[in-house]
Amino acid sequence: MNADPKKISIAPTEAEPTAAQTPMPVWPMALMLSLLFLGAWYFDLYGGWFEAKVYAPYRSLPDVQRFQPNTDPNASFIAMGKKLFTDNCAVCHMETGVGNPANGCPPLVDSEWVKHPAPERMIMLISKGLSGPITVNNKVYNTGVMLAVGDSLPGDEKEKARKIAAIASYVRKQFGNIAEVVKPEQAEAVRTSIKDRTANFTADELLKVP
C-alpha cells in the first residue's frame, strides 16, 4: 500500500506594495504665495531698490534728501545750476552729460574742459558760446555753433553771472567731474572782461586762457 501523499502547504502570496497619491494641501501653497506677495510689497515700499543711502524709516532716496539736512553749503547753489542746466543745456549735452555726437555736441563726462582747475574757460564758453570744432578726450567734435546761453539768461548782469556760475558749478560736480565750485564773483569778473564781445569763442581762443 502506498503511503498517503505528504500534504504540501503553500504560504499565501503577499500583495505588492503600492504608493498612494495624496494631493498636496492647498494651504501651504496659499501661505507661500502670500509670503512672497508680502515680501515683494514690503521691498517695494521700503527697499529703496537697492540704493545704499535708503534706510528705515525712509522709503526712497528723495525721502532721505527731503527730510535729512544737507550739510553741503553749496547744495542750493548746485541745485539751481542743475535746473538751469536742464532748461538750457541738456537739449544738446543730454541730462546725463554724454553729449550728442550725431549733432557734434561734445560730452561733459570726464571732460578736460570741465575739470580744468581755473573756471575762466567755462565761464567764457557759457557766456558767449562756441563756433567751430572742439577736441574733448582726444576726439574732435564739429559743434557748428553753440549758443551764447549766458548772455540770453534773464536778469541783470549780476544775476546772469550768478546763474552762469551755478551752471558751471553743477557741471564741475557731476558727470564724473570733480572740480571746485565757481563763485559768482569769478563769473562776474570774467564777464566784465568780455562784455564788449559779440562773437562766439573758438576752441583755440579758449585754450590760450590760462
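We did not get these values from a lab; they are worked out from the coordinates using the rules stated. Predicted model only: the values in this text are computed from it and were never measured. Here the Cβ is made from the backbone with ideal geometry for all residues, glycine too, and neighbour counts use every protein chain on show.
Computed from the Cβ-Cβ distance with R0 of 41 Å, the FRET efficiency linking N142 to W41 stands at 0.20.
Could you tell me whether region 134-187 comes out rounded, prolate or oblate from its Cα gyration tensor? Rule is a ≥ b ≥ c as square roots of the eigenvalues, rounded for a/c under 1.5, then prolate if a/b exceeds b/c, otherwise oblate.
oblate
Determine the sum of side-chain charges near I167: Lys and Arg each +1, Asp and Glu each -1, restricted to other residues whose C-beta is under 15 angstrom from that of I167. Result for the neighbourhood of I167: +4. Less than 5 angstrom separates the built amide H of V136 from those of Y141, all sequence-distant by 5 or more or on a different chain.
Net charge in the neighbourhood of L125 (other residues with Cβ under 15 Å of its Cβ; Lys, Arg +1, Asp, Glu -1) is +4. Backbone geometry of region 178-185 corresponds, through the Karplus equation with coefficients 6.51, -1.76 and 1.60 at θ = phi - 60°, to 3J(HN,Hα) couplings of 10, 9, 5, 5, 8, 7, x, 5 Hz, x marking Gly and Pro.
Taking a sphere under 14 Å around the Cβ of T96 and counting the other residues whose Cβ falls inside, with K and R at +1 and D and E at -1, yields a net charge of -1. Ranked by the mean number of other Cβ atoms within 10 Å per residue, highest first, peptides 31-38, 198-205 order as 198-205, 31-38. Taking 0.36 nm per residue of sequence separation and removing the Cα-Cα distance, the R59/N100 pair yields an extension gain of 11.3 nm.
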